[in-house]
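What follows is a single structure, written as structure tokens, with notes after it.
The values are calculated or read from the model by the stated rules, or taken from the named source; none is laboratory data. What you see is a predicted model; the values in this text were computed from it and never measured. Ideal geometry is used to build each Cβ from the backbone, glycine not excepted, and the neighbour counts take in all protein chains shown. These accessible areas exclude ligands, DNA and RNA; they are computed on the full protein's heavy atoms, side chains included. Shrake-Rupley method; radii C 1.70, N 1.55, O 1.52, S 1.80 Å.
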Amino acid sequence: MRLSGGLIDRSRTLRFIFDGKSYAGHPGDTLASALLANDVLLMGRSFKYHRPRGLIAAGSEEPNALVELRSGARREPNTRATMAELFDALEAQSQNRWPSLRFDAMAVNELFANFLTAGFYYKTFMWPRAFWEKLYEPAIRRAAGLGRLSMEADPDAYDKGFLHCDLLVVGAGAAGLAAALTAARGGAQVILADEDYHLGGRLLAESHSLDDRPATEWIAAVVAEFACLPNLRILPRTTVFGAFDHGVYGAVERVSDYRANPGICPRQTLWRITAKRTMLAAGATERHIPFMDNDRPGIMLGGALRAYANRWAVSPAKRVAIFTNNDDGHRTALDLLARGVEIAAVVDSRAGVEAKGQYRVISDAIVSGSKGRLGLRSIEVTRGGSTEWIACGALGVSGGWNPNVHLASHHRGRPVWNDSQQTFVPPAELPAGMIVAGAAAGRGTTHAALVSGAEAAVRVLNEIGIAATLPELPAAEDAPANLSPLWHVPGKHRAWIDFQNDVTVKDVKLSHQENMRSVEHLKRWTTLGMATDQGKTANVTALAVMAEMTGKGIAETGTTIFRPPYTPVSISVLGGGNTGTHFRPRRLTPSHQWATSQGAVFVEVGQWMRAQYFVRPGETHWRQSVDREVVATRKGVGICDVTTLGKVDVQGADAAEFLDRLYCNAMKSLKTGMVRYGLMLREDGQAWDDGTCARLGETHYVVTTTTANAGTVYRHMEFARQCLWPELDVQLISTTDAWAQFSVAGPNARKLLERIVDGFDLSNEAFRFMACANLSVCGGLRARVFRISFSGELAYEIAVPARYGNALMARLVELGQDLGATPYGTEALGVLRIEKGHAAGNELNGQTTAQMLGMGRMVSAKKDSVGAVMSRREGLLANTRVLVGLQPVDASEPVVAGSHLFAEGATQETATDQGWITSACFSPHVGSSIGLGFLADGAARQGEVIVAANPIQDQNVRLRVVSAHFVDPEGERLRA
Amino acid sequence: MRFSALRVIRETLTGHKGWRPLWRNPEPQAFYDYLIVGGGGHGLATAYYLANTFKQSRIAVLEKGWLGSGNIGRNTTIIRSNYLLPGNEPFYEFSMKLWENLEQEFNFNAMVSQRGIVNLFHTDGQRDAYRRRGNAAILAGADAELLERDALRGMVPFLNFDNARFPVKGGLLQRRGGTARHDGVAWGYARGADRAGVDLIQNCEVTGFRIENGHLKGVETSRGYIGANKVGVAVAGSTSRVMAQAGMGQLPIESHVLQAFVSEGLKPTIPNVITFGAGHFYVSQSDKGGLVFGGDIDGYNSYAQRGNLPVIEDVAEGGMALMPMIGRARLLRLWGGIMDMSMDGSPIIDRTPIEGLYLNAGWCYGGFKATPASGYAFAQLLATDRPHETAAAYRLDRFARGYVIDEKGAGAQPNLH
Amino acid sequence: MLIPHPLLGLRDAQEFSYLGDASLLDRPDGLAEKAGDAFFSYVYLRENPAGVHRELWFHEQGDRSWLVVTRNTVTHEILGAELARDVALRSRSPRERGDPA
């Protein structure tokens, strides 16, 4: 029911729908307060027993009132009604019930409640074995879980950003506001973040005055001053969810979550806040006192009841009772009375307590039971030996407050038990740069919070050289709580500790009985604290109950640390910025535009998009295009964009020495104007990367790497230069993106290039195989040309500044029309190199050696180079598998990469495995499928017939072992 | 006490008064034949098989915290045997076979769920590599299927098939792979070991080794000296720290932090285990409804048991790229565990140069699935001094001799495995 | 994490890639006797301390310098960072090696 007053805007009405029924609320309401205003108490069902549940709390710790918010692709399961700011046309529905919230068939679990105790599922469902996947597990999975995902992609936008500050203040209650004011006045860069949409924290929920005026007036004055302070940034609706290293905090701002549709705004923003100092002023969470049937809708935390009345002007019932072990319960009674709510009684477990106003106190008494199926109707009060039933529609329970120490223990510092306060206070070892103030530090009176916030701000700013002074703070209440511990009401029946996961005092007892006594075993055995509220309202109480069982104190029984996030964070905001095709950057080759116009189909090669093949009119299958490109290259001339290969420019007096140490083969002897194939090993002796090394000048080299390793090889070269051999005079720079490079391959390659070079002699005599030169092309464009061949044909690679790449590609194809100039893509590139027997990524996969690649003798023993020593280890040398060519005995049969190789007639199992096929393709040149593979004793088995086993596709193909060089084994073409 | 549905019903009717402790809390004795250092999954499994299969006695497990408090207490619960290399695949298939009969054997429901695992591929080269791997699995007696895009789409239609930076081309499916309830595995082994007479000693930290003339005599602990004939160390991320006390501080191992994640509970969403082939992301859904997922290690040496934001973002990004429908679910909890990353990505189950000291380590972030076989093989080695046939390659000297088992081909850089 | 780059100040660790123990600076001589043993230790064995660790980071998305960062692996506290090149050169100077002047 709605009361008078409160921080809601009654001038406007918001309509909203819950479980199909329309209701009205006001701006300032949460879904929770608006439902209470409409006398809706039943909001959810518990996880295990499907017990009817209502609100317990008013904040982010709420375990019961979880709803599916919004509909369609924006449906968001498990949203706490207490955190859903009301907006017009809000839609929500209850979850984890069938067919309806009032009548939930799954509540049949209640009948089996005695069966479904802690850990029961570990003890049964084991027979027969196959039933687990088929019967038990599907049934359990359907029954478990809470809300439903829409199964559609999240349509909203998300953003990420960095923020930096001197002081991050987490929580804008009394302590946080005082701290932010102090720091901002002192000139510090301050960020003040609060999960709520109003600043003020607990001040908003109380009726206390500050300097004899309503607290809201002081808040308004502070906020007005904040508006004039440019060095302070306020982040409302922002949850600081994690403390990470070196003062980095993760925070989520719910930018437009309070609207039906975010429109052009991001829904949420992930902030990574780097703070020199951080003040945790996150307040405290009230705890319950479990008693029999303490989970009925209407039974709430006392502080929540008070917050609903004071801030939102609602009460769950006209007649309310209070159960308390400290003075807080009386405060609730007074506030409710003041707003016209009838107080049935204040049941106080302490002896000799008197009323502080016009209400009935039953002291030295406990609440021992309750009635009301879908909402509380009455409570049973026990005093001495006698019991009394008292009618009431709601009960506020006050068991004391637990400081919100979560962020303080994110670096694994253990909260410390404070006996005088009967709570866990922040750990001694805080994340570096953090300080805790206010109720989070156990200083929960308004006066103490204000003072501790301001004082702590002065102290930590002083540490970083900012002189701040204490502001004048308003006079505020400073009454002690006078708590007398009461952790639960003993009884035979179920009393709930963890509401969402249905963990009761009996479960904790059973856990103790079964020797699951350490806190972590208790949690895991009972699922305590594993619910969406992460045990905020439950863990400390359960620990106290366990301490009672063990007979040890709470401090000896243990504690538990908290892990991020403080409250659950949407996966979208953590990972949503780069979705779909934006998941990773897309690098385009210089000739991409031209290739697109020529019908190229592109393929992802790492971050690159490369032309895979070019579809000509009439071609309906990729093989037609690829075969044509291969044949055209071998007969005329083919052109391929090979810019993606890594390029590193190496210069300096010691460049030759440097490269000689990097490559396993000799590089020092390379003459200016020549290129050499180079193989790099990893320091563990395995083959790593290959490429070419071109000596353009006495002290100037350009080396290439494979596309895949362009980044890591460059990194390694810098490592060698800076860390291994800093005494060498050598400089490096990656030029992969600076130069567009094209392979021009085929018998007509020279003729084609002669049409673009500016008076450069490309004749075989003047520019031999493996020559290189700087030159100019197309009338003055500077270029580099390398006579190297991956295809086995007469071939060149020509490089021009990247911005001319697209034009050069177009020019070459245009000028070479009569020569059969044909662009080819990565598929044809692959076919050409397999036909020639060149190793590529499938052969250089990090698991192979130079010896396996047939290049064992390249590893020079005369010099020290990376990996040379380790390449001579026994195990590497003992491996007889070497690269061979493979050809089907029956030309119509396929060679399939990934097949394993066996001797003919051998049983096919791990022990008899002789190798595998690395690469395969259809070879237009051979006229059949061909492949490359590593085969045991392969060097000695030319001509032998073996079997390629591909059991995953039920294939066995007989193959003949042949030379890996299917094309021009003598190398005459490339020297032509 | 034997667990069964009948037993649960009987206890229900009698007020659950009959349940006994899952294990005793014994005081450590002065001497044992076998001491297992580390009460995690591997250590508990080792003790279990030593007592039950290899019929040894006078065995104790020393755990510095609570049983199952290491990586078995926090992981993404995946079990599979779809490895590539002959040094690995038979071992993991042996493990899978043990998983398949585990619950009946140790009379505890560890919720072994053979719901299938799919490793997605996104390029032709990846398909070739998975074909090779699937074939290797089949040749070792395991199961594997190669699914092309359409078949895969029928099975997991919620993947991003239409708007992906790296289109899904298919997947390698192992139907016998799946998940198991990680804590249940630890408790099942612990209870089974305890019932066979093993002393499970919690809150007992090893602080030193007593070694005389190259022979191990016993260990110093926070609860006093304990003598032993043989000591097996199975302490995962703490391997270097513990072995340093025996003078074997230099090992082919680095400790790294791996973060893992669980979402709020959801109604059934993801039927099996899925791993992304173009980003760092793997996911399954627990029986309770939480999406359990993970990604890459943070990448720097760490003993801190907590990670940092970039990896959290990277993992979430991978998840969103692969299955954008998970976006409106919320991350409930994340944690960091310390992984004993070895130099070739494969484990070590071997004797050490110190007589009587045995090492089980180097599990990187795949140790959970190996728990049964690791325990079995380590128990066999401890009991007989002969390695189990499927674990014969996991030798400590393989690095020096050049017999590394490098599934990824990443070389001697632990954070790449 | 934030890494205090000696030339560029505090930089986000995301700009760097990590290699490992700074002992990788001390590459053995491949032509020496028993080079195999020395390389085995160099390539494969690590102290892997729980505590202060000197380690190599590459400022890949930055100035491409290799750094030796001293960091506590238990707390992640960073105690210092130097250019790896400076460290490597220093270790080569005769005084550092203990060679007679």
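Along the Cα-to-Cβ line of C:LEU31, 7 Å from the Cα, sits a label point; which residues in region A:852-888 have backbone N less than 17 Å from it? Within reach of a label on C:LEU31: A:859-870.
In straight-distance terms, cross-link reach from A:LYS635 covers every one of the lysines whose alpha-carbon lies under 19 Å from its own, apart from those fewer than eight places away in the same chain; here that gives A:LYS751, A:LYS836.
How large is the accessible surface per residue of chain B, computed with a 1.4 Å probe and reported in Å² as a whole number?
On a per-residue basis, chain B sits at 28 Å².
Name the residues of region A:512-530 whose accessible area, probed at 1.4 Å, falls by at least 40 Å² once all protein chains are in place instead of their chain on its own? Those are A:GLN513, A:GLU514, A:ASN515, A:MET516, A:HIS521, A:ARG524, A:MET530, which lose 40 Å² or more relative to the chain on its own. Across peptide B:405-412, the mean count of Cβ atoms from other chains lying within 10 Å of each residue's own Cβ comes to 6. 3J(HN,Hα) along region B:68-85, derived from phi through the Karplus expression 6.51 cos²θ - 1.76 cosθ + 1.60 where θ = phi - 60°, amounts to x, 8, x, 5, 6, x, 8, 7, 9, 6, 7, 10, 6, 9, 10, 8, 9, 8 Hz, with x in place of Gly and Pro. For region A:786-801, backbone phi angles converted through the Karplus equation (6.51, -1.76, 1.60; θ = phi - 60°) give residue-by-residue couplings of 10, 8, 10, 9, 9, 9, x, 8, 4, 8, 9, 10, 10, 10, 9, x Hz, Gly and Pro being listed as x. Candidate cross-link partners of A:LYS134 among the aspartates and glutamates, defined by an alpha-carbon separation under 17 Å and a same-chain spacing of 8 or more, comprise B:GLU100, B:GLU103, B:ASP287.
Note on region B:361-391 and region B:187-205: Cα centroid distance 18 Å, given to the nearest whole angstrom. Peptides A:609-618, A:82-91, B:106-115, ordered by how many other C-beta atoms sit within 10 Å of their residues on average, highest first, read B:106-115, A:82-91, A:609-618. By definition, a body whose alpha carbon gyration tensor gives a ≥ b ≥ c is oblate when a/c is 1.5 or more and a/b is not larger than b/c, and region A:863-976 fits this oblate description.
Put A:CYS165, A:CYS778 in order of accessible area, highest first, and with a 1.4 Å probe you get A:CYS778, A:CYS165. Using a cut-off of 27 Å between Cα atoms, the listed pairs A:LYS123/A:LYS536; B:LYS55/B:LYS217; A:LYS671/A:LYS863; B:LYS64/B:LYS369 include A:LYS123/A:LYS536 as exceeding that distance. Computed packing ranks the peptides A:24-32, B:158-166 as A:24-32, B:158-166, most packed first, by mean other Cβ atoms within 10 Å. In chain A, the DSSP-assigned H stretches of four residues or longer account for a calculated mean residue ellipticity at 222 nm of -5500 deg cm²/dmol, using -39500 (n - 2.57) per stretch and the full residue count as denominator. Our summary of shape: the Cα atoms of region B:188-255 have principal axis extents of 37, 28, 19 Å, ordered from largest down, in whole angstrom.
Our summary gives chain B a relative contact order of 22 percent, counting only alpha carbon pairs under 8 angstrom and 6 or more residues apart. Backbone geometry of region A:636-653 corresponds, through the Karplus equation with coefficients 6.51, -1.76 and 1.60 at θ = phi - 60°, to 3J(HN,Hα) couplings of x, 7, x, 10, 9, 6, 10, 4, 5, 4, x, 10, 10, 8, 10, 9, x, 4 Hz, x marking Gly and Pro. For the residues of A:679-687, the average number of beta carbons from a partner chain within 10 Å of their own beta carbon is 5. Peptides A:591-602, B:204-215, A:236-247, ordered by how many other C-beta atoms sit within 10 Å of their residues on average, highest first, read A:236-247, A:591-602, B:204-215. Derived value for region B:31-150: Kirkwood hydrodynamic radius 16.8 Å. Basis is the mean of 1/r over every pair of different alpha-carbon atoms.
For chains A and B, what's the summed buried accessible area, probe 1.4 Å, to the nearest 100 square angstrom? Summing both chains' loss of accessible area gives about 10300 Å². Summed over both chains, the contact between B and C buries some 2100 Å² of accessible surface at a probe radius of 1.4 Å. Distance between Cα centroids, region A:688-720 to region A:454-506: provide it in whole Å. Using only Cα atoms, the two centres lie 61 Å from each other.
Relative contact order, percent, of chain A when contacts are C-alpha pairs under 8 Å separated by at least 6 residues?
Taking the mean separation of contacting Cα pairs over the length of chain A, I get 9 percent.
Of the residues C:ALA13, C:ALA35, C:ALA84, which exhibits the maximal mean-square fluctuation in a Gaussian network model of chain C defined by a 10 Å Cα contact cut-off? Per the Cα network of chain C with a 10 Å cutoff, C:ALA35 tops the list.
Over all other residues within a Cβ to Cβ distance under 15 Å of A:ARG254, the charged ones net out to -1, with Lys and Arg as +1 and Asp and Glu as -1. Solvent-accessible surface, computed for protein heavy atoms with a probe of 1.4 Å, shrinks by 30 Å² or more for the following residues of region A:882-922 when the other protein chains are added to the isolated chain: A:ALA897, A:GLY898, A:HIS900, A:THR910, A:TRP916. The solvent-accessible area of A:ASP39, taken with every protein chain present and a 1.4 Å probe, is close to 100 Å².
Heavy-atom accessible surface of chain C, averaged per residue, reaches 48 Å², computed with a 1.4 Å probe.
Shielding of peptide A:869-877 by partners, expressed as the average count of other chain Cβ atoms within 10 Å per residue Cβ, is 6. Once all protein chains are placed together, A:GLU727 keeps about 100 Å² accessible to a 1.4 angstrom probe. Total buried accessible area between A and C, probe 1.4 Å, nearest 100: 2500 Å².
Based on every Cα atom in chain C, Rg and the maximum pairwise Cα distance Dmax equal 15.0, 43 Å.
Counting heavy atoms of the protein chains alone, C:ASP37 has an accessible area of about 100 Å² for a 1.4 Å probe.
Considering region B:276-417, its Cα convex hull presents a mean projected area of 10.5 nm².
What's the extension gain from B:ASP124 to B:THR12 if we count 0.36 nm per residue and subtract their Cα-Cα distance?
Numbers: separation 112, 0.36 × 112 = 40.32 nm, distance 5.70 nm.
That works out to 34.6 nm of additional length.
Our note on the geometry: Cα centres of region B:230-294 and region A:256-273, 33 Å apart. Based on Cα contacts under 8 Å between residues 6+ apart, chain C shows a relative contact order of 23 percent. Only aspartates and glutamates eight or more places from A:LYS552 in sequence, or on another chain, were considered; those with a Cα closer than 18 Å are A:ASP419, A:GLU514, A:GLU520.
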